[in-house]
Amino acid sequence: MAERVEIIEVSPRDGIQNEKKLLSLETKLQLIDRAVKAGASRIEVTSFVNPNRVPQMADADDLCQALPRDTHCKYIGLALNRRGFERACNAELDEVNFVVVASETFSQKNQATDTNSGIRLFNDLVAENTQPNRVGVTIAAAFGCPFEGEMPIDRLLHVVDGCMAANPFEIALADTIGVATPVDIAERIAAVRARFPDVPIRLHLHNTRNTGIANAWAGIQAGVYALDSSFGGVGGCPFAPRATGNIATEDLVYMLERAGIHTGVDLDKAIDAAEFIEAALEKTVPGMVMKAGVFPSNDTASV
Ligand code: MG
């Protein structure tokens, strides 16, 4: 079992992208500041998408200009197409994460292209990039598609093969609509690992069917080195019907730290951040540890 797992805070991007209440640039910066102070080593700060399609991300360029740069944190920008990739590379972020969707229908709805064209574009963009940022790839709908249903493993591996030709520094498998179970996670990680023994594998989970935290555990057992999560378990996708929140950062930290797996994220500060985003969105968020409290409680820990 891993002694350390990296957590990538995605609340400033996935966490709020589908929220109707638009957060101000200042609120987003405060959220990112909380993630930095909580000890996140990487933060997905925004996505470079068409503001007409995702209004919450309209301030991506301004946000990147305003980011505090004197931190230990690496910042990630998400891109779905050429324009987004180029904007992300020009925003002086540490990383660009490009999305390729494994299923045709969702690929068309999410980014108006077919899967093989997405693979080709990713390879072209990596080859053309002259900026110093490193580039990773997320394979969306890796466990199931909101429109086509099951995602055959062979199909997933075809997409993995195509993306790996660009030599990304990591590959993320995304359960975009939260359909995976722990057995699916183990099977698919093992299948990718058998093909590419050395590539770092990251997991992006949604807790839509309450399997998120179990899937995180299965992923770690299968050798995943990094997990996406969001404060309070906020999250969703504008183009995937009924997709709900990511796994909650503070719930994940609680589970891992109790298991002796170090994350670098401070649980109390993560809970503070979850309360911050709950207040900012003016709605109850799904995270559970923030409601139940830590254990042992801070009041009794020394008794
Ligand atoms: Mg997502």
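The values are calculated or read from the model by the stated rules, or taken from the named source; none is laboratory data. Since this is a predicted model, take the numbers as computed values, not measurements. FYI the Cβ positions are ideal-geometry reconstructions off the backbone, even for glycines, and counts take in every protein chain you see.
Of the residues making up region 88-139, just one is over 29 Å from residue 183 (Cβ atoms) and within 16 Å of the ligand (Cβ to nearest atom), namely 111.
For region 177-200, check the following and say yes or no: at least one residue is within 11 Å of the ligand (Cβ to nearest atom) and in contact with a strand residue (DSSP E or B) (Cβ under 8 Å, 6 or more places away or on another chain). Yes. Looking across region 195-246 at every residue that is closer than 30 Å to residue 20 by Cα, in contact with an Asp or Glu (Cβ under 8 Å, 6 or more places away or on another chain) and of a type in the set (A, V, I, L, M, F, W, C), the one that is modelled with the lowest pLDDT is identified as 237.
If you filter region 1-30 down to residues that are within 16 Å of the ligand (Cβ to nearest atom) and in a loop (DSSP other than H, G, I, E, B), you find that the one that is modelled with the highest pLDDT is 10. Say whether the condition of being touching a helix residue (DSSP H, G or I) at 6+ places or on another chain (Cβ under 9 Å), assigned to a helix (DSSP H, G or I) and β-branched (Val, Ile, Thr) is met by at least one residue in region 31-38. Yes, there is a match, as at least one residue in region 31-38 is touching a helix residue (DSSP H, G or I) at 6+ places or on another chain (Cβ under 9 Å), assigned to a helix (DSSP H, G or I) and β-branched (Val, Ile, Thr). For region 181-201, filtering for residues that are more than 21 Å from residue 236 (Cα to Cα), touching a residue at least 24 places away in the same chain (Cβ under 8 Å), part of a helix (DSSP H, G or I) and among the hydrophobic types (A, V, I, L, M, F, W, C) leaves 6. When region 140-159 is filtered for residues that are closer than 20 Å to residue 218 by Cα and away from the ligand (no atom under 16 Å from the Cβ), the ones remaining, listed by number, are 150, 152, 153, 156, 157.
Pick out, from region 69-180, the strands (runs of 3 or more DSSP E) lying fully within it that include 2 or more residues that are among the β-branched types (Val, Ile, Thr) and crowded, with 23+ Cβ neighbours inside 10 Å.
Values: elements: 74-79, 95-101, 134-140, 171-174.
Counting at least 2 such residues, we get 95-101, 134-140.
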